[in-house]
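Below is one structure; the comments refer to it alone.
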Amino acid sequence: MAAHRSAWQRSGPDHRIRGGKGQRMRQRRLDRTDGLCEMCDAEGLTTLATVVDHIVPLAKGGQDVDANTRNLCDRHHAEVTSEQFGRAAPKAKGVDRNGWPTDASHPWNQPEPT
Ligand SMILES: [Zn+2]
């Protein structure tokens, strides 16, 4: 039990907007899709969104308005971020550019037996 850690203890990218107003705005945006990832929803999956993503990144001149946001899970956020910022996107789901599974629980990602 000593190793128990809450997901809330992870450091997130969410310090861009501080204070109650930003928190309420984020929650309102998440509520738009009942807190679910929009891209998973399009695939018929039900996954909790963890990120309110800007469709056009603020760094590329996008506006911080609801119409420029979408709710994404970690996986989809990583995918769209790598596309937006010019890195090669993984060709297949769950596999990185070298064809290695990105899933930490995949057998290939387990420590070698000794
Ligand atoms: Zn998703």
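The values are calculated or read from the model by the stated rules, or taken from the named source; none is laboratory data. The model shown is predicted, which means the values in this text are computed figures rather than measured ones. Note: ideal-geometry Cβ built from the backbone for every residue, glycine included; neighbour counts use all protein chains shown. Side chains included, ligands, DNA and RNA excluded: accessible areas come from the protein's heavy atoms. Shrake-Rupley method; radii C 1.70, N 1.55, O 1.52, S 1.80 Å.
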Report summary line: Cβ pairs under 7 Å, 6+ apart or interchain, first in the range 35-46 and assigned to a loop (DSSP other than H, G, I, E, B), second near the ligand (Cβ under 7 Å from one of its atoms) and of a type in the set (Phe, Trp, Tyr), ordered by first then second residue, are none
Query raised in the report: Does any residue of the range 72-83 turn out to be open to solvent by 50 Å² or more (accessible area, probe 1.4 Å) and in contact with a Phe, Trp or Tyr (Cβ under 9 Å, 6 or more places away or on another chain)?
Result: no
Requested in this report: Looking at (1) in a loop (DSSP other than H, G, I, E, B); (2) within 11 Å of the ligand (Cβ to nearest atom), find the lone condition where residue 79 falls short.
Outcome: (1)
Report summary line: Conditions (1) open to solvent by 70 Å² or more (accessible area, probe 1.4 Å); (2) away from the ligand (no atom under 16 Å from the Cβ) -> residue 41 fails only (2)
Query raised in the report: How many of the residues in the range 8-38 are modelled with pLDDT under 95, open to solvent by less than 70 Å² (accessible area, probe 1.4 Å) and among the small types (Gly, Ala, Ser)?
Result: 4
Report task. Only one of these is among the polar types (S, T, N, Q), within 14 Å of the ligand (Cβ to nearest atom) and at pLDDT below 85: 114, 102. Name it. Result -> 102
